[in-house]
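Note sheet for the following structure.
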């Protein structure tokens, strides 16, 4: 499995943003705008929470599926806002090895 899939998806999102394809789900989200994209992020977030709260034998599978959905729609949001996945990955890399408490205390905003 390729671990750089996030960057590959990011590149595809950028292509879809500028495409003319009527058959692209992603393009339809871009065309509908921020409110629709935020609605999808919220929906997927709620579905992830529901999966985490479930107690059935498919919990792990549901968590993986809903996390993938949430990550994808979050990436659509970032692309819509002109933010690359690489920028987010760089931020995560910058924080790596730093205590979450220290990182949060260092924020100025």
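The values are calculated or read from the model by the stated rules, or taken from the named source; none is laboratory data. Everything numeric here is computed off the predicted structure, so don't read it as measured data. Glycine also receives a Cβ, built like all others from the backbone with ideal geometry; neighbour counts cover every protein chain displayed.
Details
- Selection status of residue 54, closer than 16 Å to residue 74 by Cβ and either surrounded by 10 or more Cβ atoms within 10 Å (Cβ to Cβ) or touching a helix residue (DSSP H, G or I) at 6+ places or on another chain (Cβ under 6 Å) (or both): no
- Checked against (1) outside any helix (DSSP H, G or I); (2) touching a helix residue (DSSP H, G or I) at 6+ places or on another chain (Cβ under 9 Å), residue 14 passes all but condition (1).
- Identification of helices (runs of 4 or more DSSP H) wholly contained in segment 24-109 with 1 or more residues that are at pLDDT below 95 yields 25-32, 85-95, 100-106.
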